[in-house]
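Computed from the coordinates by the stated procedures, all read-outs in this text should not be read as laboratory data. Since the model is a prediction, treat every value here as computed from it, not as a measurement. Heads up, the Cβs are rebuilt from the backbone with ideal geometry, glycines too, and the neighbour counts pull from every protein chain shown.
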Amino acid sequence: RRFEPRLDVVDQGHSLCLTVELPGMEREDVELTVEDDALVLRGEKKVEAQSEEAGCYRLERAYGRFQRLIPLPDGVDVDKVEATFAKGVLTIQVPKAATEQPRGRRLQITGA
């Protein structure tokens, strides 16, 4: 079976937080890039060494190379993306770009 990492995307107001499950993987097995307004996650989950003994065994875990393309919305600052990896979980913080508050005020209309 082919490995497909699962991910959550949460809008935290000031940033987007992406959490990717990568069980059994190390930081060195993962590559994260920004390409054409999207995050691209690439990697490979390698098969662990096994010894076949007498009797029946079963393999249900997925392995192999993977790539996930995560489109980014307008209004994020890709230059300030931060990623951390701990205990098989990749956490990516994508800050939203600072937007200037619209300048304006209500004008009072007086009668002539």
For this session: Hey, could you check the stretch 64-99 for residues that are surrounded by 15 or more Cβ atoms within 10 Å (Cβ to Cβ) and of a type in the set (A, V, I, L, M) and say which is nearest to E21 (Cα to Cα)?
Result: L90
Problem set entry | Output for the stretch 58-81, where each listed residue is farther than 14 Å from V40 by Cα and within 10 Å of the chain's Cα centre (by Cα) | none
